[in-house]
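Q: Encoded as structure tokens, here's the structure I'll be asking about.
The values are calculated or read from the model by the stated rules, or taken from the named source; none is laboratory data. Since the model is a prediction, treat every value here as computed from it, not as a measurement. All Cβ positions, even for glycine, are placed from backbone atoms using ideal geometry, and neighbour counts span all protein chains on display.
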Amino acid sequence: MMRKAKGTTLQCCIDPANHLLLEAPTPYIRNFESISGLKTNYSSSGLHWNALQTGLDKQFLADLTFHLDSGLKIRVPNNQYMIPSVDIASNGSRVSNTSKRDILITDIEDGPPILGRYFLTAAYLMVNHDAGTFTLWQANATRERSLVRVFDEETGKKCENTTGVIQPSASYTGSASESSRPDRGIGSNSGSLSGAVIGGAVVGAVAGAVLIGLGITYFLIKKKQKADTYYFYPAHEELQRADIYEMDGNPRADDESYMKAGIRQ
């Protein structure tokens, strides 16, 4: 995929969470298409979305080998980066489309080149977070094991006759002036420092007491302003008994006419 020219080294980030093998600038992807002779598109929208996709009209069985500056070579088999297209059905299951193949590489424009999780199918990765370093090995495709011991620089110096990988030790990030500062004896300087500390503590305590007093005063004032106002609502019976009027005993004119009209002798 690399053109035969100066400055063809491609600096990549290793991202185990990335779902592809390689994300590289467009010229590298176009060079791969030219070498493989495959006609590709970007219609893959399934499990490996945004990967290159091709049909079955032409076979390409080559592996991909990554040459690192350290001299390590990582070879990724063809069946790890050219796989049947896989879609996700509506019920969440995976459905393979054997009429198409996904090529687990894609091009990028502005982002950094990335080696994804399928790169780690052919390589072992160990990260030392304290030292900010990592180590890569070629993955073992057989059941044979050959364990490799990893040391930091301090342990490696103590164990000079052992074999293994040496990584930088985690370093202290503090300033040299702080770590190399000599201890001060008991004298005028230490006394003045203690007095400043005591004075600061006293001032802080007084300021805290004043703030607490102001807070309590403010709370009491707000509570007094928001005191509940109670209203007296008389009961329904009391409203009825509030004004009692006596009936007039004198006959009215309309009552006499009513009796005259309704009673005959």
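Results for (1) of a type outside the set (D, E, K, R); (2) crowded, with 19+ Cβ neighbours inside 10 Å; (3) over 20 Å from Asn31 (Cα atoms), shown as yes or no for each residue.
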{"site": "Val76", "(1), (2), (3)": "yes, yes, no"}
{"site": "Arg94", "(1), (2), (3)": "no, no, yes"}
{"site": "Asn97", "(1), (2), (3)": "yes, no, yes"}
{"site": "Asp110", "(1), (2), (3)": "no, no, no"}
{"site": "Ala122", "(1), (2), (3)": "yes, yes, yes"}
{"site": "Asp130", "(1), (2), (3)": "no, no, yes"}
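Q: Take the range 70-87 and flag every residue that is in contact (Cβ under 8 Å) with a residue 60 or more places away in the chain and in contact with an Asp or Glu (Cβ under 6 Å, 6 or more places away or on another chain).
A: Arg75
Q: Return the residues of the range 22-69 that are in contact (Cβ under 8 Å) with a residue 60 or more places away in the chain, surrounded by fewer than 16 Cβ atoms within 10 Å (Cβ to Cβ) and assigned to a loop (DSSP other than H, G, I, E, B); say none if nothing qualifies.
A: Those that are in contact (Cβ under 8 Å) with a residue 60 or more places away in the chain, surrounded by fewer than 16 Cβ atoms within 10 Å (Cβ to Cβ) and assigned to a loop (DSSP other than H, G, I, E, B): Tyr42, Leu68, Asp69.
Q: If a residue counts only when it is at pLDDT 85 or above and aromatic (Phe, Trp, Tyr), which strands (runs of 3 or more DSSP E) contained entirely in the range 80-184 have at least 1 such residues?
A: So the answer is 123-128, 133-138.
Q: Here is a further query. Counting just the residues of the range 1-50 that are over 18 Å from Leu115 (Cα atoms) and among the β-branched types (Val, Ile, Thr), which one comes out modelled with the lowest pLDDT?
A: Out of the qualifying residues, it is Thr40.
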